[in-house]
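Student: Shown below is the structure under consideration.
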Amino acid sequence: MPTNLRDHLATNDAEPALADLIVTVVDTCSEISALVRRGALGEIMGALESENVQGEVQKKLDVISNDMLLQRCAASAGLVAMASEEMDDIHPVRDLTPKGGYLLLFDPLDGSSNIDVNVSIGTIFSILPAPMADAPRPAALADFLQKGRAQVAAGYVVYGPQTTLVLTLGDGVHAFTLDPDTGDWLQTSAGITIPPETKEYAINASNLRHWAPAVRGYVEVCLAGETGPRGKNFNMRWIASMVADVHRIMMRGGVFLYPWDAREPERAGKLRLMYEANPMSLLVEQAGGAAFDGHGAILDAEVTDLHQRISVMLGSRAEVAHIERLHQSA
Ligand code: AHG
Ligand code: MN
Ligand code: MN
Ligand code: MN
């Protein structure tokens, strides 16, 4: 009988408050999954009038899933504060103490443009250590500004043909599939490793004219196929849900690029560091892959703002190394 998530966390000696927080996040994702599966039979389709801090029009499910995570995770005793793609500021839950605790960051609904067209979407989460405070004090935004390598856990849930959790606590990557009959999360992969080589790349090619020369050159060689200098026939994939594109890479290899774009040169790209790039980069590195931001490892990127963007090139280690060399020689 496959092990379930709770037993896996207990067997791997996860600190109890951390285990409780992870189980609370994942059980909330079970409820989000149930809403996603009802689609137009429920009230989750369509957009709102509101915009989020990113300047994006919010979808109903962006806000519904955000509120569900805020409400349910607040009960987890080790949680000090939360931050999300959908909230301007942090959401303090309880004071920092000398005992420390955890900071939870999440993209409650990733791939929002796919909600209304029945394409896989997901939830991404990242857990950072809360600083220890000599005297109790509320968490501050500055407490969140930690590099990706400081994460104690990261994961995503993909709402696809299966509802699957991919999780790391810094000691390998494991997958759990939601059993729709019992509501249990049963382990379906242990020690996921990403194949180092690949012939598959994911990028939104409509932005080609805005990319830096190194990225444009890389994609043009991919498009040249067997007639080009690398001789391989590359396949392009783009689902426009990071969770789904990254899950494919976790399962069979590939590279995912959402690179720097000349349209917003100071913004470094579309994807957000703290609750998209960092958790995905920890998972990818833990699975033997690499995650590069055009200068160095994403997990080592300086953090200056809760919602900062970053250029993302991640996946199969040998292919990312090739992309890095192109940047160094550009
Ligand atoms: P979100 O829905 O959380 O705002 O994230 C969407 C992101 C990411 O999931 C995906 O890879 C990317 O946006 C797709 O961007 P394009 O629509 O420009 O292809
Ligand atoms: Mn969004
Ligand atoms: Mn997202
Ligand atoms: Mn989102």
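The values are calculated or read from the model by the stated rules, or taken from the named source; none is laboratory data. Keep in mind the model is a prediction, meaning the values are calculated, not measured. FYI the Cβ positions are ideal-geometry reconstructions off the backbone, even for glycines, and counts take in every protein chain you see. Heavy atoms of the whole protein, side chains included, go into the accessibility calculation; ligands, DNA and RNA do not. Shrake-Rupley method; radii C 1.70, N 1.55, O 1.52, S 1.80 Å.
Student: Modelled with pLDDT under 95, among the charged types (D, E, K, R), more than 27 Å from E31 (Cβ to Cβ) and away from ligand 4 (no atom under 16 Å from the Cβ): is that true of R267 in this structure?
Tutor: yes
Student: What is the residue count in region 1-30 for residues that are open to solvent by 80 Å² or more (accessible area, probe 1.4 Å) and either modelled with pLDDT under 95 or under 22 Å from the mean Cα position of the chain (by Cα) (or both)?
Tutor: 5
Student: While we're looking at this one, here's another question. How many of the residues in region 39-97 are modelled with pLDDT under 95 and among the hydroxyl-bearing types (S, T, Y)?
Tutor: Summing the residues that are modelled with pLDDT under 95 and among the hydroxyl-bearing types (S, T, Y) in region 39-97 gives 2.
Student: Take the residues in region 125-147 that are touching a strand residue (DSSP E or B) at 6+ places or on another chain (Cβ under 6 Å) and surrounded by fewer than 16 Cβ atoms within 10 Å (Cβ to Cβ), then tell me which one is farthest from P98 (Cα to Cα).
Tutor: Here the residue is P138.
Student: Another one. Taking into account only those residues within region 90-105 that are closer than 16 Å to N66 by Cβ and touching a residue at least 60 places away in the same chain (Cβ under 8 Å), which is nearest to ligand 1 (Cβ to nearest atom)?
Tutor: It comes out as L105.
Student: Let me ask something else about it. So is R38 within 30 Å of A135 (Cβ to Cβ) and open to solvent by 10 Å² or more (accessible area, probe 1.4 Å) or not?
Tutor: No; evaluated as a whole, the condition is false for this residue.
Student: Checking the conditions here, which among E49, E85, E43 is open to solvent by less than 30 Å² (accessible area, probe 1.4 Å) and acidic (D, E)?
Tutor: On inspection, the qualifying residue turns out to be E85.
Student: Moving on. Could you check region 196-268 for strands (runs of 3 or more DSSP E) lying wholly inside it with 1 or more residues that are open to solvent by 10 Å² or more (accessible area, probe 1.4 Å) and in contact with a Cys (Cβ under 9 Å, 6 or more places away or on another chain)?
Tutor: Where strands (runs of 3 or more DSSP E) fall fully within region 196-268 and carry at least 1 residues being open to solvent by 10 Å² or more (accessible area, probe 1.4 Å) and in contact with a Cys (Cβ under 9 Å, 6 or more places away or on another chain), they are 235-237.
Student: If you don't mind, there's one more thing I want to ask. Out of region 106-128, which residues are of a type in the set (S, T, Y) and either in contact with a Leu (Cβ under 6 Å, 6 or more places away or on another chain) or more than 16 Å from ligand 1 (Cβ to nearest atom) (or both)?
Tutor: S126
Student: Considering only region 295-323, state which residues are surrounded by fewer than 18 Cβ atoms within 10 Å (Cβ to Cβ), over 18 Å from the mean Cα position of the chain (by Cα) and in a helix (DSSP H, G or I).
Tutor: A318, A321, H322
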